[in-house]
Structure formats: C-alpha cells, structure tokens
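Student: Structure below; questions to follow.
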Amino acid sequence: MINIEALFNISYGLYIVCSGDNKKGNGFISNTVFQVTAEPARFAASCNKNNYTADIIKKTGAFSVSVLHTEASSDIIGNFGYKTGKDFDKLANVQLIYGETGVPIVTNDSIAYFECKVVETIDVGTHILFIGELINAEVLDNSKEPMTYLYYRNVKKGFSPKNAPTYIDKSKLDSSKPKDSNYKRYKCEVCGYIYDESEQDVKFEDLPEDWVCPVCYTDKADFIEI
Ligand SMILES: Cc1cc2nc3c(=O)[nH]c(=O)nc-3n(C[C@H](O)[C@H](O)[C@H](O)COP(=O)(O)O)c2cc1C
C-alpha cells in the first residue's frame, strides 16, 4: 500500500536551473536538485524530457542552479515554473551573470548559485537525471533563508505542475475520501485557468490577497466563481 501523504514529508529546496549561453539560454523551476557525492562534489537535477531546458542542457553539457529565497516573487516562479521557453525568451527581463562554462545564471531572488558540468545523463522514464560536477559556486545574499518546497506549498500556497517529479494527481489522492460538496471552482477571467478547491489544499477565499494566477499572474480579484 502506498500512502501518498507520506511523500509530503520529504524535504526539498526550490531552484532555477538554467543552461545555454549568452545568445540563447533558458531555465526552469526545480525542487529536485540535490547533492549526491562529496568528493568530487556532484549534484543531480531531475528534468522532465518535455522541458525545453532538457534539450539545452544536453547540448551545452552544463547547467547552473540559483537557490531561491523565501521572499522570491510569484512572477519569477511563474516565469520559470509555469511557462515554457519554447514560446518566449524567459531570460529577457531577469538579472543574469554568466558562469565559467558560459551558462546563464539567474540572480533575481537568489541567495546563492552554483554551476555544474554534466558528467552523466540517466534516463529515468519521464525525466532525465543530469549528474553534474561542481565547478563554481558563490553566495549572493547572507541575509535571507533558502526557500523550501514545504514553505512554497504552505506559506506561498504554491503547487507543482505536471512536469515536476513531485506532481500529485489530487483526484487520485482524494479518491478514497468522501467528496465535499462545499468545494467551489473559480476561473481566471484572463487566461481561463480553473482553481478547483477539490484539487487544492486551500479554499480559494483563504488564499492571500497577493496570490496571483499561477499561469498568467493576474490578481486574485480577476477570478470568478463558476
Ligand atoms: C514548484 C515547482 C517545482 C518544479 N520542479 C520541477 C522539477 O524538479 N523538474 C522538472 O522537470 N520540472 C519541474 N517543475 C516544472 C518546470 O519548472 C516547468 O515545466 C517549466 O515550465 C519548464 O520550462 P521549460 O520548458 O522552459 O524548460 C517545477 C515547477 C514548479 C512550479
């Protein structure tokens, strides 16, 4: 038997993983970057095969990781986590530096960054596990705390979209529980995104007033009950 809720107790951070060069780069939000060995220091990053960034990391052979802090804006998470760089230039309006391999490194809302050269690529089904050797790392801001995935879920009221390895199909999760007829659905009038309370941990009215649509970032006030 698998109780999916047990998996909510696994700790993760929240990062922007970036690759490419100064002409064409791209990045995505990841909560699955972790150190796998100490000597030499190697990191794993799990990247969905459909992510545009997956192809760029394969071509470039290197990636950067920016460690987001707890005050990271919804805009930055929306830009890198809910949209694909196949359609637009995600790096156009962010602060960048370039690493020793030439990969872009996003410095917005980040307290540290590191850069890795890919030494192994493991196909794990829906995702590719990029194993990278650490070649460069720096602290940007000592005054803030790193964002954890728990903080993102519980305080920021965020969730993982389908491409994230930790995505959970809430309908499966809730199938053994009686359906609560008090669940409501709200639609974003700008992009049509549906906030379905039966699939979320939080009632719509309990979301903070500065919560924004995870797809188009429009204000909470632009949602209507359907
Ligand atoms: C909180 C959060 C965590 C995520 N974690 C991962 C992850 O670990 N691996 C992954 O492949 N995608 C993850 N995603 C999804 C990607 O960031 C998302 O699919 C992104 O739009 C891909 O961008 P790209 O197509 O420009 O590469 C996550 C998204 C969010 C919001």
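The values are calculated or read from the model by the stated rules, or taken from the named source; none is laboratory data. This is a predicted model, so every value here is computed, not measured. Counting neighbours? That spans all protein chains shown, and the Cβs are built from the backbone with ideal geometry, glycine included.
Student: Got at least one residue in the stretch 202-214 being under 20 Å from Y82 (Cα atoms), touching a Ser or Thr at 6+ places or on another chain (Cβ under 7 Å) and of a type outside the set (D, E)? Quick ask: steps written out before the conclusion?
Tutor: Within the stretch 202-214, the subset under 20 Å from Y82 (Cα atoms) is 202, 204, 207-208, 210-214.
Subsequent filtering for residues that are touching a Ser or Thr at 6+ places or on another chain (Cβ under 7 Å) retains 212.
Then keep just the ones that are of a type outside the set (D, E); that gives 212.
Yes, some residue in the stretch 202-214 is under 20 Å from Y82 (Cα atoms), touching a Ser or Thr at 6+ places or on another chain (Cβ under 7 Å) and of a type outside the set (D, E).
Table: residues versus (1) touching a strand residue (DSSP E or B) at 6+ places or on another chain (Cβ under 7 Å); (2) of a type in the set (A, V, I, L, M, F, W, C); (3) at pLDDT 95 or above.
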| position | (1), (2), (3) |
| --- | --- |
| N3 | no, no, no |
| F8 | no, yes, no |
| S30 | yes, no, yes |
| S46 | yes, no, yes |
| H69 | yes, no, yes |
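Student: Out of the stretch 9-42, which residues are of a type in the set (F, W, Y) and either in contact with a helix residue (DSSP H, G or I) (Cβ under 8 Å, 6 or more places away or on another chain) or buried (at least 23 other Cβ atoms within 10 Å of the Cβ) (or both)?
Tutor: To start, the set of residues in the stretch 9-42 that are of a type in the set (F, W, Y) comprises 12, 15, 28, 34.
Result: Y12, Y15, F28.
Student: Output the qualifying pairs, or none if there are none: Cβ atoms under 6 angstrom, residues six or more apart or on different chains, first residue in the stretch 89-101 and within 15 Å of the ligand (Cβ to nearest atom), second residue in a loop (DSSP other than H, G, I, E, B).
Tutor: Pairs found: V94/N108.
Student: Which condition number in (1) under 26 Å from N50 (Cα atoms); (2) at pLDDT below 90 is the one that E189 fails?
Tutor: The number of the failed condition is (1).
Student: Check S74 against each of (1) touching a strand residue (DSSP E or B) at 6+ places or on another chain (Cβ under 9 Å); (2) modelled with pLDDT of 95 or more; (3) not basic (K, R) and name the one condition it does not meet.
Tutor: Failing condition for S74: (2).
Student: Pull out all pairs, ordered by first then second residue, where Cβ-Cβ is under 8 Å, the residues are six or more apart or on different chains, the first lies in the stretch 211-223 and is among the aliphatic types (A, V, I, L, M), and the second is away from the ligand (no atom under 13 Å from the Cβ).
Tutor: That search, which allows pairs on different chains as well, returns V212/T218; V212/D219; V212/K220; V215/C188; V215/C191; V215/Y193.
Listed here are the residues, each with its yes/no results for (1) within 9 Å of the ligand (Cβ to nearest atom); (2) among the aliphatic types (A, V, I, L, M).
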| site | (1), (2) |
| --- | --- |
| G20 | no, no |
| K23 | no, no |
| S30 | yes, no |
| A38 | no, yes |
| R42 | no, no |
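Student: Right, next: Tell me, yes or no, whether the stretch 51-59 has at least one residue that is in a loop (DSSP other than H, G, I, E, B), closer than 25 Å to D219 by Cβ and within 12 Å of the ligand (Cβ to nearest atom).
Tutor: Here is the first cut: in the stretch 51-59, the ones in a loop (DSSP other than H, G, I, E, B) are 51.
Going one step further and asking which of them are closer than 25 Å to D219 by Cβ, we end up with none.
No, the conditions are met nowhere in the stretch 51-59.
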